Each structure stands twice: as C-alpha cells, then as structure tokens.
Amino acid sequence: MIKNKMNYSGSFYPDKKDELLRYFEFFSQNQQNINLDIKPRAIIVPHAGYIYSGMVANIAYSKIKDLKVKRVIVIGPSHRHFLTGASVSLFDSYETPLGDIDIDKEFGLDLIKKYDCLHFDENAHMEHSTETQIPFIKNYLDTKVLEIVYGKLDYKELSKILSNLFKDKDNFIIISTDLSHFYSLEEANILDQTCIDAIKNKDLIKIDEGCEACGMVGVKALLKSSKELNFEIGFLDYKTSFEVTKDKSSVVGYTSFLLGESVGI
C-alpha cells in the first residue's frame, strides 16, 4: 500500500496523537457558537500552522462533524511545485497522527479520465495547503478523501469540475486558502475585508479588486459554482497571525466559510 506521507506534521501541526487531540479540544472549547441554516456542501478554510489558523478552520469543521458522505475532496494551491492544471492524488491512503485515511483512488482515476486538466504528479502532493486539512477530516468525519492540488489553472475550468461534483450528494468540497500575507495589521484588515465581502456576496468582480488569497483559483471556482447552484454562504470567522505573534508589522489573514443549500430545500 502506497501512502501519502505526512510532510508537515511536527511543524504545521503536532505529530503526536495526544497533542493533536488536545489542540482540537482547545479549539472546540474556545470557539464562538454560530448557527447557520445551511445544509453543508463545502467549506473554505485556512492552511497555516494550527497555532495561527487552527481555531478559524476548526469552526468550519465543527459544522460538518455529523456529516455522512462517501468522500471529501480537498482542493488547494501548490506552493512549492510548479504544475499546469491540477494533480489528483492516486496514493492508497493518507497518513495522519490519528491514523490513516483511505484515498478514493478509483474516483480520482475517473476524474482524470474525464477532465483534460487533471493528472497525477507525485511531487505536487508534498503540499501543506491540503495536508493541514487531513487531520481535521480524520478527527471529525468518517469518510474517504481525495486530494487535488492545482497550479496554473483557470478558475472556470475548476468550477466546471466542482459543479459536476456537487451533483452527487456523497461529495463534500473543501477549498483551502489563506488571505493576505505580510502586510501590517491595518493593511491586512482592509485587504481581507474586501475578500470576505466578495465571498459573502459571491462577487467575482470585487474579489479581484484588492483581495489577496493564495487559493484564489479555488475560491473563485467555488463562488462561480455557488452562484450557479444558488448556494447560501455563511461567514464563520476571521483572524490574523497578530493574535498569536502580537506583531502588527507583518501578519497573515485567515477566514472560514460554510456553503450549501438553504435549510428546507
């Protein structure tokens, strides 16, 4: 069995089970209570080290902890490896400190056959934007996963894939992105608010007017599909690294959202 190894455990998140579980317990005990009348179909979450963005991500995952789906498709940008299109993980399983998760390899092979922009590039999957989501999934859900890491890719192409994936209620989508990077706290708040407002309003024009997000392709693809499918979007949280570092001179922004059908549909 070929495993997708943990490349960022011990740095972005704890590599010991007990310590990781303490993180999740702390996040859950200290997060705000938000009620949204949305049937979950997707979330947007950050992917920094857990001490910085874990609380923001955890709010989103706590909203889907009782979800029953066959597979969770985790989509994030490649930070270190150049690729055209997107790579679909074809390993057998994904390692986590909480135990392995099966990868839905057959489903991944079907996607590659169906879409020209998809392929498998082993080097693309040493990627923190997606790996940081896997322990959350293992902790909160009983499901298979599929990891998609994109490089140079038009958001409209990715949106076509997402819209087709949403036709199957057994698919759940996770879009991974951080917001602005290394601005002052004041500058970051302004840039990030532009992004947050654009996401709330599914505004594909405004999101290009001052918003900075490393996962912009994934976010825009999800917004386009959400407009087509009439999904509701619920804002969950926004924080910056300042809350941990106390350094206002250079921060990174993080946000999370829940997307899906209105309750009653």
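The values are calculated or read from the model by the stated rules, or taken from the named source; none is laboratory data. Just so we're clear, the structure is a prediction, and the values are computed from it rather than from any experiment. Cβ placement follows ideal geometry from the backbone for every residue including glycine, while neighbour counts extend to all protein chains displayed.
Out of curiosity, is residue 56 buried (at least 19 other Cβ atoms within 10 Å of the Cβ), in contact with a Lys or Arg (Cβ under 6 Å, 6 or more places away or on another chain) and at pLDDT 95 or above? Yes, satisfied. Applying the condition of being closer than 12 Å to residue 101 by Cβ and over 11 Å from the mean Cα position of the chain (by Cα) to the stretch 122-142 and asking which residue is surrounded by the fewest Cβ atoms within 10 Å (Cβ to Cβ) yields 142. Restricted to helices (runs of 4 or more DSSP H) entirely inside the stretch 146-257, those with at least 3 residues that are among the small types (Gly, Ala, Ser) and surrounded by 23 or more Cβ atoms within 10 Å (Cβ to Cβ) are 216-229.
Scanning the stretch 111-141 for residues that are under 23 Å from residue 213 (Cβ atoms), in a helix (DSSP H, G or I) and not hydrophobic (A, V, I, L, M, F, W, C) turns up 125, 128, 129, 130, 131, 135. Give 67, 21 a once-over and let me know the one that is in a loop (DSSP other than H, G, I, E, B), surrounded by 15 or more Cβ atoms within 10 Å (Cβ to Cβ), in contact (Cβ under 8 Å) with a residue 24 or more places away in the chain and not acidic (Asp, Glu). Result: 67 is the single residue among 67, 21 that is in a loop (DSSP other than H, G, I, E, B), surrounded by 15 or more Cβ atoms within 10 Å (Cβ to Cβ), in contact (Cβ under 8 Å) with a residue 24 or more places away in the chain and not acidic (Asp, Glu).
Out of all the residues in the stretch 28-45, is one or more in contact with an Asp or Glu (Cβ under 8 Å, 6 or more places away or on another chain), buried (at least 18 other Cβ atoms within 10 Å of the Cβ) and closer than 22 Å to residue 7 by Cα? Within the stretch 28-45, none of the residues are in contact with an Asp or Glu (Cβ under 8 Å, 6 or more places away or on another chain), buried (at least 18 other Cβ atoms within 10 Å of the Cβ) and closer than 22 Å to residue 7 by Cα.
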